[in-house]
Amino acid sequence: MKKRPLGQNFLKDPSIAQEIVRLAQISPQDPILEIGPGKGILTQFLLESANPLTALEIDKKLCGELKQKFATKSNFRLIEADAAKFDYGSIGSGLKVVSNLPYYAATHIVKRLIHYRDRIADMTVMMQKEVVDRFVAHPGQKEYGSLTVFIQFHCQVERLMEIDKTSFSPPPKIDSSLVKLTPLSGPRVLVKNQKTFFKVVNAAFLHKRKMLKNNLKDWQNQFQRENDHMHLAGIDLSRRGETLSIADFATLSNFIHTHHD
């Protein structure tokens, strides 16, 4: 079986690495987690302020190089592991994640980190620009979708910086953005059942051009007709999912959860 390519694009501009560390606002007592350190350009600046720095790297060859490069640093700990499957609960709490995430798995890794959000103070991560566009989107924008709702339901999102593709070696086809995700102490909106909430969200965006009355057919027994329009929980079902706010989705899912058979 052919090994899956790791799609590595290494940051080569030290001034950008320094700016990432500055924007991450690290205090001396903060435990730092770096995912995919690669050649260690960001690592070297993180080590100046991290206490300690835990780095996760999946590539065996790069692990060997990193061990050699930072052998004298007592605050450096390297774990050879797949960040998309790693148990983040095993490395303590109050973690600040600072990373140039591998493109091919970035969204999956962020979702996994959010699963461990009670262990994480915040995440300052570099990702594909178009993924960050989706993280920060508002209702009505074409980038707004189920991923937007998931991220904003659990985190405060702040876009920090744009990074040109020429800052990498080899240069990727796309530009990158730096984003800060700070897990909220509780969900952004009050929902009676998170499973129902995300089921409704995912259904609403399943066919983006379709109206809610077509995407939410699983709950059509709860639809109400008012003035020639179908409604659910007071929301007009001739609307499309992309026009609904997170609060609107909470209204729908709470109604559905309360009135389900």
Subject >> From the options 217, 208, 165, residue that is of a type outside the set (A, V, I, L, M), in the same structural domain as residue 254 (by TED's automatic domain parsing) and closer than 28 Å to residue 101 by Cβ >> reply: 208
**OP:** Answer yes if at least one residue in segment 110-119 is modelled with pLDDT of 95 or more, in a helix (DSSP H, G or I) and among the acidic types (Asp, Glu), and no otherwise.
**Re:** yes
**OP:** Report, by residue number, each residue of segment 166-181 that is of a type outside the set (Phe, Trp, Tyr), touching a residue at least 24 places away in the same chain (Cβ under 8 Å) and either within 12 Å of residue 11 (Cβ to Cβ) or exposed (fewer than 15 other Cβ atoms within 10 Å of the Cβ) (or both).
**Re:** 167, 169, 170, 171, 172, 174, 176, 178
Subject >> Residue list for segment 43-66, restricted to those being acidic (Asp, Glu) and under 21 Å from the mean Cα position of the chain (by Cα) >> reply: 57
**OP:** Considering only residues that are small (Gly, Ala, Ser) and in contact with a Lys or Arg (Cβ under 9 Å, 6 or more places away or on another chain), look in segment 107-161 and name the one that is farthest from residue 30 (Cα to Cα).
**Re:** 145
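When you look at residue 141, is it surrounded by fewer than 14 Cβ atoms within 10 Å (Cβ to Cβ) and at pLDDT 95 or above, yes or no? Step through it out loud before you land on a result.
Numbers: surrounded by fewer than 14 Cβ atoms within 10 Å (Cβ to Cβ): yes; at pLDDT 95 or above: yes.
Criteria met by residue 141.
Given the options 78, 66, 101, 95, name the one that is at pLDDT 95 or above and within 23 Å of residue 181 (Cβ to Cβ). If you could, list the steps in order and put the result at the bottom.
Working: 78 fails: within 23 Å of residue 181 (Cβ to Cβ); 66 fails: within 23 Å of residue 181 (Cβ to Cβ); 101 fails: at pLDDT 95 or above.
Within the list 78, 66, 101, 95, the selection yields 95.
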Original post:
Any idea which of 225, 188, 159 is free of Cβ contacts under 8 Å to residues at least 12 places away in the same chain and charged (D, E, K, R)?
Top reply: 225
**OP:** Among the residues of segment 130-187, write down those that are part of a strand (DSSP E or B) and polar (S, T, N, Q).
**Re:** 156, 169, 176, 177, 182
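The values are calculated or read from the model by the stated rules, or taken from the named source; none is laboratory data. Nothing here was measured: the structure is a model prediction, and the numbers come from that model. Using ideal geometry, Cβ is built from the backbone for each residue, glycine included, and neighbour counts are taken over all protein chains shown.
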